[in-house]
Amino acid sequence: MLAYTVERGVATITLDSPHNRNALSAQLVSALESRLAEAAADDAVRCAVLTHTGTTFSSGADLSEAPERGTGRLLDLLRRILELPKPVVAVLDGHARAGGLGLLGACDIVLAGPRSTFAFSEVRLGLAPAVISLTTLPRLSSRAAGRYFLTGEVFDAAEAARIGLVTAAVDDPDEARDSVLDALRKSSPQGLAESKRLTTAALLRGFDTTGDELAALSARLFASDEAREGIESFRQRRPPRWQL
């Protein structure tokens, strides 16, 4: 489900649940939080890398569970990434949807390979990207947010970089990762921690002011009749009733 290694000051956390496209189940979120805490406490770790196996970085909420119960867990996980006193670098070469985009928004540096695709798919299920708006809206241009939040369209790595969702679209994710990690290894732990604090301060203020409200909104939407129809139509691979 999740692999963890430490080498040359880098803690690599690999999402490894391809059978459900690395959906953010209660078990996966709990394991990820534990590994992030471990990396934070390890003086030998300079930074963390978040990556994946399979063709999908993360599909978002695990719809086989009661997703309305997971909104608070997701809120806490995103905050933990932002508050980690060490940089978190996401490296993906696969699909990211819904809550998976929230994870990317919380990371400090995101490198996306040529097979990467992205979508704020909530709107097509009777939902809204409520909790993940805390980490994605501050990254995106307002016009891009207006388009992709509302349409649920799929877009590629180049577009994700253009609108600010990822740091860079790269041809070789491993090569790009190594270049970034070499730079981070040259930086002091104190310098990294305090520099990260500057870059995440505005996002964390959003958590303080509207985090609980957005988690409650997400839970309410998941429990609605419209979302139940959207989720059921997704499982059955049919259009939802509202589709024209």
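The values are calculated or read from the model by the stated rules, or taken from the named source; none is laboratory data. None of these values were measured; they are calculated from a predicted model. So basically every Cβ, Gly included, is an ideal-geometry build from the backbone, and we count neighbours across all protein chains shown.
Restricting attention to segment 36-44, does a residue exist that is under 27 Å from residue 209 (Cα atoms), modelled with pLDDT of 95 or more and of a type outside the set (A, V, I, L, M)? No, because not a single residue in segment 36-44 is under 27 Å from residue 209 (Cα atoms), modelled with pLDDT of 95 or more and of a type outside the set (A, V, I, L, M).
Looking at residue 117, is it in contact with a His (Cβ under 8 Å, 6 or more places away or on another chain) and at pLDDT 95 or above? Yes. Screening residue 207 against (1) over 22 Å from residue 95 (Cα atoms); (2) within 19 Å of the chain's Cα centre (by Cα); (3) not in a helix (DSSP H, G or I) leaves a single unmet condition, (3). If you check residue 218 against the conditions, is it of a type in the set (Ser, Thr, Tyr) and over 24 Å from residue 68 (Cβ atoms)? No, not satisfied. Inside segment 70-118, residues that are of a type in the set (Gly, Ala, Ser), over 16 Å from residue 25 (Cβ atoms) and touching a Leu at 6+ places or on another chain (Cβ under 9 Å) make up a count of 7. Set side by side, the residues 23, 98, 112 differ, and just one is in contact (Cβ under 8 Å) with a residue 60 or more places away in the chain and within 14 Å of the chain's Cα centre (by Cα), which is 112.
What do you reckon, is residue 98 under 28 Å from residue 127 (Cα atoms), surrounded by 17 or more Cβ atoms within 10 Å (Cβ to Cβ), of a type in the set (A, V, I, L, M, F, W, C) and in contact with an Asp or Glu (Cβ under 7 Å, 6 or more places away or on another chain)?
Answer is yes for this residue.
Out of segment 17-42, which residues are of a type in the set (A, V, I, L, M, F, W, C), out of contact with any Ser or Thr (no Cβ under 7 Å at 6 or more places or on another chain) and closer than 20 Å to residue 75 by Cα? Residues satisfying the conditions are 26, 29, 31, 32, 36, 37, 39, 40.
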